[in-house]
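Asker: Supplied in structure tokens, the structure appears directly below.
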Amino acid sequence: MGSILCNYKDDININNININTSNSNFINKYITNDIIFINFIHELFSTPIKKKINVNENQKIFVLDFDGPIVEQIIKNNILNNTFGNEEDMLEMYITNYKILVFVLYILHINNVYIVNGSQRITMNKEGIIFRNQMYDILNKAFGENRNILVEKLSNQISYDIYPENINNNKVILLDRYYNHFRLYNDKLQKKNIFLIDDNLIYKNSVIKSGYSFIICNRNTEILEDNYYLIKMLQQGLNCSNYNIKLIILELIKHIPEYKQYIYKLYTIFNYYNTDKSLYYKNIGIIY
């Protein structure tokens with residue numbers, strides 16, 4: 001098992017994160033009106049990780065599409081007060097699995113997986129700029145402007161001379177740009193460890209043919225099926241067994257007990273596809 005959470009408290013120092021609850025307009029404007037949780041996530045994704053980056057052949061880069069893997073055009077999963085989005089947004093985009101997605105991305109992030117933006121929207125610097133700006137507005141509100149995932153500055157650097165029509169049917173140009181960028185810091189980086197996570201199968205064949213990897217994101221109204229792509233991301237991103245991935249999720253609950261209901265929902269989804277009753281009963285004392 002890659003013991004990534006063994007120094008968790010020392011690296012992140014969760015207990016010292018300050019929560020800002022003063023933004024009452026933000027509470028009223030967004031469906032997920034838990035401003036304490038939102039600010040906690042902002043702090044989580046802007047706090048540097050004080051540990052050595054493993055620049056080796058096992059390092060993973062996740063190139064995450066925006067429409068599908070992050071946002072949808074429907075409100076759902078409200079049983080967890082889980083949908084994040086602007087009720088006044090005429091374009092009606094929502095992060096429908098917000099309180100599950102953030103912890104998947106965080107687990108990957110602290111385990112040496114770089115999470116970058118693979119949306120066609122990052123190329124809309126002239127035509128379609130409203131769609132690009134909408135994306136960054138949602139990312140800023142959901143993950144914070146100083147986030148260390150899906151970084152806007154890097155997205156702009158990668159897409160500076162690519163036009164939307166260049167990636168209508170093929171995103172290899174984006175993957176090549178990311179590969180060349182990260183190779184500057186890790187000459188052992190392998191193409192197969194760069195994954196496009198997208199809800200459109202049209203990209204799969206060209207991605208695989210070019211030596212990269214692909215994870216399909218199929219969204220669904222049923223919460224277990226809806227989040228299956230997140231399970232695949234954990235399995236492909238972490239260099240350990242399903243059993244140890246479950247341990248990692250459960251360990252996160254110990255360090256963030258105030259949000260254990262959301263993290264344990266992720267554990268339930270993972271367990272749905274990878275049943276291991278012995279681990280379930282062993283850790284029964286910390287379930288909600």
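Asker: Using a basic spin-label model with each label point 7 Å from the Cα along Cα→Cβ, how many nm lie between Asp137 and Gln261?
Answerer: Between Asp137 and Gln261, the simple spin-label model gives 3.0 nm.
Asker: Which chymotrypsin sites (Phe, Trp or Tyr not before Pro) in the range 160-200 sit in a loop by DSSP (not H, G, I, E or B) and have at most 14 other Cβ atoms within 10 Å of their own Cβ?
Answerer: Sparse-neighbourhood loop chymotrypsin sites (Phe, Trp or Tyr not before Pro): Tyr160, Tyr185.
Asker: Compute the FRET efficiency between Asn220 and Glu92 as 1/(1 + (r/R0)^6), taking r as their Cβ-Cβ distance and R0 = 22 Å, and round to the nearest 0.05.
Answerer: 0.70
Asker: So, counting K/R as plus one and D/E as minus one, what does the shell of residues with Cβ under 13 Å around Gln190 add up to?
Answerer: Cβ neighbours under 13 Å give a net charge of +3.
Asker: May I pose another question? Between the range 224-266 and the range 141-178, how many Å separate their Cα centres?
Answerer: 26
Asker: Then there is this: Can you pull out the trypsin sites (Lys or Arg not before Pro) in the range 184-216 whose DSSP state is coil and whose Cβ has at most 14 other Cβ atoms within 10 Å?
Answerer: Lys188
Asker: Moving on to the next point. In nm, to one decimal, how far is the modelled label at Lys191 from the one at Ile173, with both set 7 Å along Cα→Cβ?
Answerer: Going by the 7 Å Cα→Cβ label model, 1.8 nm.
Asker: Stretch Tyr163-Cys240 to full length: gain in nm at 0.36 nm per residue minus the Cα-Cα span?
Answerer: That pair, Tyr163 and Cys240, stretches by 23.9 nm at full extension.
Each reported figure results from applying straightforward, stated rules to the coordinates on display, with no laboratory input. Because the structure is predicted, anything quoted here is derived from the model rather than measured. Quick reminder, even Gly has a Cβ in these numbers, built from the backbone with ideal geometry, and neighbours come from all protein chains shown.
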